[in-house]
Amino acid sequence: MTQRRPLIAANWKMNGSCELVQGMSAALSQITTTNEILICPPVIFLSSFPKSDAYQLGAQNVSNELQGAFTGEISADMLRDAGARYVIVGHSERRALYGDNDAMVLAKALRAVAANLTPIICFGETLAERQQEKTFEVIAQHLDAVYAAHPELLATSVIAYEPIWAIGTGETATPEQAQAVHEFIRQHVMKFNVVAAQQIRIIYGGSVNAENCTALFAKPDIDGALVGGASLKTAEFSAICLTAQD
Ligand code: PGA
């Protein structure tokens, strides 16, 4: 059985404040866990976090360009310099609101890896796609767009399964629903590299909270969580980070 270190990642989205940075940093420094903890705040806060062994830092987006005349963009190298070690790529809000498509997601993931950042690549189906029983088909298409083209990314990325209908809605996928998709993802990417498919961490996102995380983390292919709303509450996020995984 491959040992995969659970990753509990906070996606603050366009939320947070200097007070939250201080409060979260203090709270996380007090807990002991073997899980890896990651905070992805708005990039402006990256340099405000005190250096700590208790958590890693990440960004929520990265430019697909290296450098140059791209007003408003931030490069992977800049994120790395600012303290980020991870970057979320292809979040459904980016895909829906800012036109990030699979080609862009791949380009961003490659830029991240080139700058020594680990991309957390997000995939998920809409409610309509789930109702039409197209979940596996949709996920397979997204996976192929990234990993068939660049199978080496399997060894250098994290996958986040985030059913779009569960994000920010309070409606979580059941542990069984999530496990079924995680297992499908792992099986699917095995055709690119068996060993890397067993080792890659597949985390779940979509209304994860301190109550529902225990049952989700108990599933064999769920290697952690990408937490939105609940990651803005220091006590609740700490509790999620502390939840034991087997
Ligand atoms: P949520 O967000 O936990 O608020 O549903 C998760 C995400 O969008 O990553």
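The values are calculated or read from the model by the stated rules, or taken from the named source; none is laboratory data. In this text the structure is predicted, and so the values were computed from the model without any measurement. When we count neighbours, we look across all protein chains shown, and the Cβ atoms used for this are built from the backbone with ideal geometry, even at glycine. The accessibility values were calculated without ligands, DNA or RNA, using every heavy atom of the protein model including side chains. Shrake-Rupley method; radii C 1.70, N 1.55, O 1.52, S 1.80 Å.
Quick one: Debye curve from the C-alpha atoms of the range 1-50, no solvent, what's log10 I(q)/I(0) at q = 0.31 Å⁻¹? Once normalised to I(0) and log-transformed, intensities are -1.29.
Charges at C-beta only: +1 for Lys and Arg, -1 for Asp and Glu. How large is the resulting dipole of the chain about its Cα centre, in Debye rounded to 20?
The calculated dipole for the chain is roughly 380 debye.
Here the gap between residue 133 and residue 47, fully extended at 0.36 nm per residue and compared with their Cα-Cα distance, gives a gain of 26.6 nm.
Model label points for residue 152 and residue 187, set 7 angstrom from Cα along the Cα-to-Cβ axis, are 3.0 nm apart. Based on C-alpha pairs under 8 angstrom that are at least 6 apart in sequence, the chain has a relative contact order of 21 percent.
Springs between Cα atoms under 10 Å define the GNM used for the chain, and in it the highest mean-square fluctuation of 71, 156, 234 occurs at 71.
Using a probe of 1.4 Å on the protein chains alone, the accessible area found for residue 111 is around 80 Å². Fully extending the segment from residue 4 to residue 116 would add 38.3 nm, taking 0.36 nm per residue of separation and subtracting the current Cα-Cα distance. Given a Förster distance of 30 angstrom, what is the FRET efficiency for residue 34 paired with residue 104, based on the Cβ-Cβ distance and rounded to 0.05? Step by step, r from the Cβ atoms, then E = 0.30. Temperature 25 °C, viscosity 0.890 mPa s: under these conditions the Stokes-Einstein estimate for the range 85-181, based on its Kirkwood radius over C-alpha pairs, is 178 µm² per second. Normalising the Debye intensity of the chain to I(0), with uniform scatterers on Cα atoms only, and taking log10 at q = 0.09, 0.10, 0.16 Å⁻¹ returns -0.34, -0.43, -1.18.
With viscosity 1.306 mPa s and temperature 10 °C, the Kirkwood radius over alpha carbon pairs of the range 127-242 converts through Stokes-Einstein to a diffusion coefficient of 108 µm²/s. Shown for the chain are the DSSP H helices of 15 Å or more along their axis, judged by Cα atoms, with a mean Kyte-Doolittle hydropathy of at least 1.0: 102-114. Determine the distance separating the Cα centre of the range 159-230 from the Cα centre of the range 32-71; give it in Å without decimals. Answer, in whole Å: 21. Across the options 47, 216, 195, the greatest Cα extent toward the positive end of the charge dipole of the chain (unit charges at beta carbon of Lys, Arg, Asp, Glu) belongs to 47.
With 0.36 nm allotted per residue and the present C-alpha distance subtracted, the residue 177-residue 82 stretch has 30.5 nm of extension available.
If you plug the beta carbon distance of residue 22 and residue 126 into 1/(1 + (r/R0)^6) with R0 = 41 Å, you get a FRET efficiency near 0.65.
Based on DSSP H segments of at least four residues, each scored -39500 (n - 2.57), the chain has a per-residue ellipticity at 222 nm of -10000 deg cm²/dmol.
Residue order by solvent-accessible surface for 36, 211 is 211, 36, largest first, with ligands and nucleic acids left out and a 1.4 Å probe.
In the range 1-145, the alpha-carbon atoms span a convex hull of 148 Å³ per residue. Around the amide H of residue 87, modelled in the peptide plane, lie the amide H atoms of 59, 118, 120, all under 5 Å away and 5 or more residues distant in sequence or on another chain. Once the gyration tensor of the Cα atoms in the range 67-108 is diagonalised, the equivalent ellipsoid follows with semi-axes of 19, 13, 9 Å, ordered largest first.
Shape index of the range 134-191: Rg/Rh, with Rg the Cα radius of gyration and Rh the Kirkwood radius from the inverse mean 1/r over Cα pairs, equals 0.99.
Between residue 215 and residue 169, the modelled labels are 1.7 nm apart [label points 7 Å from Cα along Cα→Cβ].
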